[in-house]
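Chemist: Have a look at this one.
The values are calculated or read from the model by the stated rules, or taken from the named source; none is laboratory data. Every value quoted in this text rests on a predicted model; they were computed, and no experiment measured them. Here the Cβ positions follow ideal geometry from the backbone for every residue, glycine too, while neighbour counts run over all protein chains shown. Heavy atoms of the whole protein, side chains included, go into the accessibility calculation; ligands, DNA and RNA do not. Shrake-Rupley method; radii C 1.70, N 1.55, O 1.52, S 1.80 Å.
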Amino acid sequence: MEAGEGKERVLKQRQVLLFFVLLGMAQAGSKPRHYSVAEEMESGSFVANLLKDLGLEVDQLAARGPQVVSKGKKMRLHLDRQTGDLLLNEKLDREELCGPIEPCVLPFQVLFENPLQFFQAELRIRDINDHSPVFLDKEIILKISESITPGTAFLIERAQDLDAGSNSLQSYTVSPNSHFHLKLQDSSDGVILPQLVLNKALDREEQPEIMLTLTALDGGTPPRSGTALVRIEVLDINDNAPEFAELLYEVQVPENSPIGSQVALVSARDLDIGAYGEITYVFSQASEDIRKTFQINAKSGELLLRQKLDFESIQNYTLNIQATDGGGLSGSCVVFVQVIDLNDNPPELTMSTLIKEIPENLQETIIAVFSVSDPDSGDNGRMVCSTQDDLPFFLKPSVENFYTLVTNRALDRETRAEYNITITVTDLGAPRLKTEHNITLMVSDVNDNAPAFTQTAYTLFVRENNSPALHIGSVSATDRDAGANAQVTYSLLPPQDPQLPLASLVSINADNGQLFALRALDYEALRVLEFGVGAVDRGSPALSSQALVRVLVLDANDNSPFVLYPLQNGSAPCTELVPRAAEPGYLVSKVVAVDGDSGQNAWLSYQLLKATEPGLFSVWAHNGEVRTARLLSERDAAKHRLLVLVKDNGEPPLSASVTLHVLLVDGFSQPYLPLPEAAADAAQADPLTVYLVIALASVSSLFLFSVLAFIAVRLCRRGKAASLGGCSVPKGHFPGHLVDVSGSGTLSQSYQYEVCLMGGSGTNEFKFLRPIISNLHSQSSGRKVEEYPSFQNELGF
């Protein structure tokens, strides 16, 4: 019944877990919550309190086991489980994380383990004005022909500002002068481009060079600035500007292209000749990344790779190339470089939750929660997760490349206590790259196996008369569980027979199952001892099993033969009469003996040790029969004494002896004459026995004499009649009442007799007559004597 309740409880737990998993997946698909924090804040800074958004109380939060997970291996956020505060793990640099992208958003998830649930959120990193505008070229050289008409605009290399939004570059200023003023132009991508506009014609002979200071300002508070020197060289007249063959060059470059390889070749021509026809190629409005990645040959226009490309960092580049002739006229073109992705990044696996040990017998238990990512694109970034097919685990996909590793059946520690699980993440690129993550899972023990005895029944042998506390054997039980669940304790079970003092006969060592006999066993008293032993483990609840132990007591030769016949009790010896006419083999007597032992210890043999006349009698060794060995003669003595030895077959053998007296007679009518030896033995008997016999004989004789005298007196009084011929009556007075003779006397108390003493007959014999009445003593004392009138008359009452 308890096992059924346990299964029902496990089923309910699984249903509740499944409900929360589905609820967590449903909430994971909802719209994420938004939070914000300024960049460069110290580690541990407060971001937000998530308790209200999570819908949890403080005491519930820690029980749910929340943790913050985000893409990649860096954990930039931390959730305080005690307060629900979302804190920074490190300083955040918006420019490092997002570059020019605005807004800078860092997605993250709050993962609840118990039960499994995802909470989607985004953290916006607010920009602060921590970067000043910077001109990559500290000196900007402009070559302007003196023939340029006023109103002509000259584009100047812009400044770079890593900040974004209002903190980015907002305006330019130029130092006061009479020849130029500053004009700001917005490009299609929202970048402010500075232009110098000529106010009045230049005169090289008057001023061949003009020096201006260009200042870039951002919109921060307070604003930051950066400056560059603009040097204007006044040139002679040049009336043809360089022209590119194509205004837009589009090229594709694999990301594994070697350094120094050609990316593109741009070409411009100038119709002028001489110095005005010589073209120089330079980057225009190039960012720092472009200048680090590419270089251009100023004479040939060959665009070369300066460092390795990385598709995962930058997917494309837009390069502005300017061609300037010797007269200061220029033309420009755009080179669009698209980086081709290669499968050069193996997938990444980030473990969020990992359980290294689970109890056995649990269904569909979550072992691990992890996410996978691949910075490649297309098929190179598509991934497939798998585990070994021969293990009882499977992967369940969740949200946004999250997976859970779940058991597909209950684990059995006794079958397998440790699993080495390999999670393989493979992308679909060519060639395919994979990442393997190994997990070692230990299965903890549950007390689900009862101890098992090596035998259902044990048979032990012990010889009787053993020493106390003798080790007579052992029982052994094993338990397939581990730890305390496998520690077995042995005990004796209560015997079925409540009269059996089992606790005083045997004991068992509770730790190793050794059995001991507590006292000496007697085969003649107890031949077989059966009892049960139990083995109990130390699990909770404890499990047990039983086995039967049968102890067979082996016989030892500890009992001497005992002679039943002839009796040797100290009384008058038994004498066997043998006629002298007996034939050889005549059965004189038979010695009967028994032995309390068993087996060969009880096999008895008989032997004639001593005889008055050797050779006259023999004893059969197997049955104890005493027979004549030859014909008897007149010369043989009449009295014989035989000493017979009775011996068992034990080791060492035990024996007993018996004396047999034999009297040779001519016939069985010959009076029995006690042997002199018998008389001598009787004389040496116990004096107390002799005194008792003498006293009993005396009392009986006296009592008998009194009865006879009483009867004789009564008969003589009645016999005054001459019919009896003058009975002589003894003198003395007899009692006047009837006498009961005790049963211990010579007469039975059931009869009374009429006696007459005959005087003058010449003899002293007496004669018993017929009984007068029977059972007189049994009649009631209240019955009157008149009921027997004839009896009164005859006795003279």
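Chemist: Please report the orientation-averaged projected area of region 30-126, defined via the convex hull of its C-alpha atoms, in nm².
Modeler: 6.0 nm²
Chemist: State the dimensionless ratio Rg/Rh of region 119-228 (Rg: radius of gyration of Cα atoms; Rh: Kirkwood radius). Working shown, then result.
Modeler: Numbers: Rg = 17.5 Å, Rh = 15.7 Å.
With Rg and the Kirkwood Rh in hand, the quotient comes to 1.12.
Chemist: Can you send over the carbon and sulfur percentage of the accessible area for region 139-235, probe radius 1.4 Å, protein chains only? Provide the component values of the computation, followed by the final result.
Modeler: On the way: 2340 of 4790 Å².
Its accessible area is 49 percent carbon and sulfur atoms.
Chemist: Right, here's the next one. Amide H to amide H, which residues 5 or more places from residue 657 or on other chains are under 5 Å from it, using H placed in the peptide plane?
Modeler: Counting only residues 5 or more places away or on other chains, the set is 646.
Chemist: I'd like to know which of 516, 642, 506 lies farthest towards the positive end of the charge dipole of region 489-643, counting +1 on Cβ of Lys and Arg and -1 on Cβ of Asp and Glu.
Modeler: Result: 642.
Chemist: Still on this model: Run the 1.4 Å probe and let me know the accessible area of residue 442, rounded to the nearest 10 Å².
Modeler: 80 Å²
Chemist: Right, here's the next one. Quick one: what does P(r) look like for region 94-154 with 5 Å bins over all Cα pairs, in whole %?
Modeler: 4, 11, 12, 10, 9, 9, 9, 8, 7, 6, 4, 3, 3, 2, 2, 1, 0
Chemist: Region 114-157 to region 335-353: how many Å between their Cα centroids?
Modeler: That distance is 27 Å.
Chemist: Could you provide, to the nearest whole Å², the per residue accessible area of region 215-360 with probe 1.4 Å?
Modeler: Values: 7220 Å² over 146 residues.
Computed with neighbouring chains in place, this is 49 Å² per residue.
Chemist: Taking Rh as the Kirkwood radius computed over C-alpha pairs, what is the Stokes-Einstein D of region 562-665 at 25 °C in a medium of viscosity 0.890 mPa s, expressed in µm² per second?
Modeler: In µm²/s, the coefficient rounds to 173.
Chemist: Round to the nearest 10 and report in Å² the accessible area of residue 234, as given by a 1.4 Å probe over the protein chains' heavy atoms.
Modeler: Solvent-accessible area, nearest 10 Å²: 10 Å².
Chemist: Leaving out ligands and nucleic acids, and using a 1.4 Å probe, what accessible area per residue does region 38-152 come to in Å²?
Modeler: Value returned for region 38-152: 49 Å² of accessible area per residue.
Chemist: Counting only protein heavy atoms and using a 1.4 Å probe, what share of the accessible area of region 562-665 belongs to carbon plus sulfur, as a whole percent?
Modeler: Carbon-and-sulfur percentage of accessible area, whole number: 56.
Chemist: Here's something else I'd like to know. Just the number, please: carbon plus sulfur as a percent of the accessible area of region 348-444, 1.4 Å probe, no ligands or DNA/RNA counted.
Modeler: Ligands and nucleic acids excluded, carbon and sulfur reach 45 percent.
Chemist: Per the Kirkwood definition applied to all pairs of different Cα atoms, how many angstroms is the hydrodynamic radius of region 253-341?
Modeler: Final number for the Kirkwood radius of region 253-341 is 13.6 Å.
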